[in-house]
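The values are calculated or read from the model by the stated rules, or taken from the named source; none is laboratory data. These figures come from a predicted structure and were not determined experimentally. Note that we place each Cβ from the backbone using ideal geometry, even for glycine, and neighbour counts take in every protein chain shown.
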Amino acid sequence: MFGLESGIVLAVIGAALAVLLAGIGSAIGVGTVGQAAAGVVSEDPDKFGSTLILQALPGTQGIYGLLVGFLILLRIGFIGGSPVALTVEQGWSFFFAALPIAIGGLISAIYQGKTAVSGVYLVAKRAEESGKAIIFAVMVETYAVLALLMSIMMLFGVRV
Amino acid sequence: MLNVDRYAYAVGRIKVMETRLLDRDRIERMVEAKSAEEALKVLSESEYSDYLAELADVHEYEKILSAELLRIYRELRLLSPEEKIIAFFARKYDYHNLKVLFKAAHLKEQRPELLLPGLGNIPLEELVRAVSENDFRNLPLRMQEAAQKLVAKFAEDGFDPQLVDLWLDQALYAELADDVRKRKNKYLRDYFTSLVDLTNIKTFLRVRRLQRSKNFLAAVLLPGGSLDLLTMLDLSDPLEVILDRLASTPYAQVVAEGVQLFQQTDTLTRYEKLADNFLLERVRQAKYVTLGPEPVIGYLLAKENEIKIIRIVLTGKINRLPVEEIRERLRDVYV
């Protein structure tokens, strides 16, 4: 099933997964926070600013996924026009390099969304505590950043 | 998450609406006001302010309360992703209306001010038509059965207003219990079973005081609770034994404290207050839920509690009760 050309296919699947899964997570997270924020703002329009920041937080995972996908394509020469001939081993390496941000991004974005929803409710009750609400949600970001770091280290470790 | 995230918008609105509930300070100011008029003025900085302008006399305060209740039910029906959640709590008003209509039809005295139009799930016109034409086909099953049974019974033995209350309450709670079973929501189930259990314990104490029979007790206990009082307790048991038997239930403290005053003064007001506070504590658990129907239910019950508190304070003020006595009757607040 896997010929010599399939290395490149595996790498492309990895790039697609990084963007897809992390993007799905971010869409769920940002979407849920947006609904909660809309509820709060409909009763109290002054809360728009602080709830908007909270809504944006789970969006970063999608960007990290895009970054990893982009870097994979760059390394295998999809960007620039001359694709490198990859062995199956190299293909799998790129595939696995994409997984930390793909799965880590998906799950951390959903949980960051949940934390940000709670933050929106906190802002609804106490506008002056919006900074704390943001910090709670940012804590979840740590794990998305760690996943991104690992993905980048792995994909630059592959020799082509 | 996707399943409950449709509640995100509703809960967001609820969280802001909760900040407008009357807090302890505001209620304390009402209690300490010199007159009923002054107590009412405290409400002018709250959600009730709109109605105050139209109020000619303090004695008409019920108008404010029912207008606010109506507003809350309308708003929550629109806001909640599942209207059924609100319909569950509105059902008691359908049964209330039906009771009033039954009594009005048979006692030949019209008391339209007792009816609550717009609150329940069934249009008032439909209930009026059903009672006047003796045709209950369009009503929910449990209500229909109870109404038909009542009509048949009255045709045989004459009218009995007590029976109207009794059978319709049984039907209401049976209907609610069916719904709780179907919904599988732990929060709603916990609230409902506690409500039924506490009401049944109160009923038990009353029946025992009136020295009625066990058959009578079996007929008045409501369905849907977690305690089987009929087998747990006996009407001839001394109070100590009753307290002892209930000691392992979650209501031990409520009963123990509530019954103390019952023995001395023969009133259950203290028990009722403690029971309401116990239920409110259950209701408060909604604060720890971010996505789901719980905060919506919690807000609805908080609002009903608030209206009850205002009623207690204003009736106390109008009847010139001492501040201490009003405070003694007050319930906790949700916020």
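Residue under question is B:Leu127, and the condition is that it be outside any helix (DSSP H, G or I), of a type in the set (A, V, I, L, M) and under 26 Å from B:Ile72 (Cα atoms); does it hold? Against the criterion (outside any helix (DSSP H, G or I), of a type in the set (A, V, I, L, M) and under 26 Å from B:Ile72 (Cα atoms)), B:Leu127 does not qualify. Of the residues B:Asn215, B:Asn200, the single one that is surrounded by fewer than 14 Cβ atoms within 10 Å (Cβ to Cβ) and in a helix (DSSP H, G or I) is B:Asn215. Checking each residue in region B:99-122 for being loosely packed, with under 13 Cβ neighbours inside 10 Å and assigned to a helix (DSSP H, G or I) picks out B:Leu107, B:Pro112, B:Glu113.
Restricting region B:1-17 to residues that are within 27 Å of the chain's Cα centre (by Cα) and more than 7 Å from every other protein chain (Cβ to nearest Cβ), the residue that is modelled with the lowest pLDDT is B:Tyr7.
Taking region A:7-50 as the range and being buried (at least 20 other Cβ atoms within 10 Å of the Cβ), closer than 21 Å to A:Ala144 by Cβ, among the β-branched types (Val, Ile, Thr) and more than 8 Å from chain B (Cβ to nearest Cβ) as the test, the residues that pass are A:Val19, A:Val30. Applying the set (1) part of a helix (DSSP H, G or I); (2) in contact (Cβ under 8 Å) with a residue 24 or more places away in the chain to B:Gly224 leaves exactly one unmet item: (1). Restricting region A:120-139 to residues that are within 14 Å of chain B (Cβ to nearest Cβ) and without any contact (Cβ under 8 Å) to a residue 60 or more places away in the chain, the residue that is nearest to the chain's Cα centre (by Cα) is A:Phe136. Once region B:257-292 is narrowed to residues that are surrounded by 14 or more Cβ atoms within 10 Å (Cβ to Cβ) and in a loop (DSSP other than H, G, I, E, B), the residue that is modelled with the lowest pLDDT is B:Leu268. Identify the residue in region B:23-48 that is of a type in the set (Ser, Thr, Tyr) and closer than 28 Å to A:Glu128 by Cα and, among all such residues, is nearest to the other protein chains (Cβ to nearest Cβ). So, considering only residues that are of a type in the set (Ser, Thr, Tyr) and closer than 28 Å to A:Glu128 by Cα, the one nearest to the other protein chains (Cβ to nearest Cβ) is B:Ser46.
Applying the set (1) in contact with a Pro (Cβ under 7 Å, 6 or more places away or on another chain); (2) away from chain B (no Cβ under 11 Å); (3) more than 20 Å from A:Ala98 (Cα to Cα) to A:Ala56 leaves exactly one unmet item: (1). Only a single item in (1) more than 14 Å from A:Met139 (Cα to Cα); (2) within 14 Å of chain B (Cβ to nearest Cβ) is not met by A:Leu74, and it is number (2). Kindly establish whether B:Arg20 is more than 14 Å from every other protein chain (Cβ to nearest Cβ), at pLDDT 90 or above and surrounded by fewer than 19 Cβ atoms within 10 Å (Cβ to Cβ). No, not satisfied.
Scanning region A:104-150 for residues that are aliphatic (A, V, I, L, M) and closer than 18 Å to A:Val19 by Cβ yields A:Leu106, A:Ile107, A:Ala109, A:Ile110, A:Ala144, A:Val145, A:Ala147, A:Leu148, A:Leu149, A:Met150.
Among the numbered conditions (1) over 30 Å from B:Arg142 (Cβ atoms); (2) away from chain A (no Cβ under 12 Å); (3) at pLDDT 90 or above, the only one that B:Val58 does not meet is (3). Only one entry in B:Ala174, B:Ala218, B:Ala256 is farther than 25 Å from B:Tyr299 by Cβ, among the aliphatic types (A, V, I, L, M), in contact (Cβ under 8 Å) with a residue 24 or more places away in the chain and touching a helix residue (DSSP H, G or I) at 6+ places or on another chain (Cβ under 9 Å), namely B:Ala174. Just for region B:317-335: of the residues that are of a type outside the set (Val, Ile, Thr) and in contact (Cβ under 8 Å) with a residue 60 or more places away in the chain, which one is farthest from A:Val117 (Cα to Cα)? Top of the filtered list is B:Lys317.
In region B:24-39, the residue that is surrounded by the fewest Cβ atoms within 10 Å (Cβ to Cβ) out of those that are touching a residue at least 24 places away in the same chain (Cβ under 8 Å) and under 15 Å from B:Glu306 (Cβ atoms) is B:Arg24. Restricting region A:75-119 to residues that are buried (at least 21 other Cβ atoms within 10 Å of the Cβ) and over 21 Å from the mean Cα position of the chain (by Cα), the residue that is modelled with the lowest pLDDT is A:Leu86.
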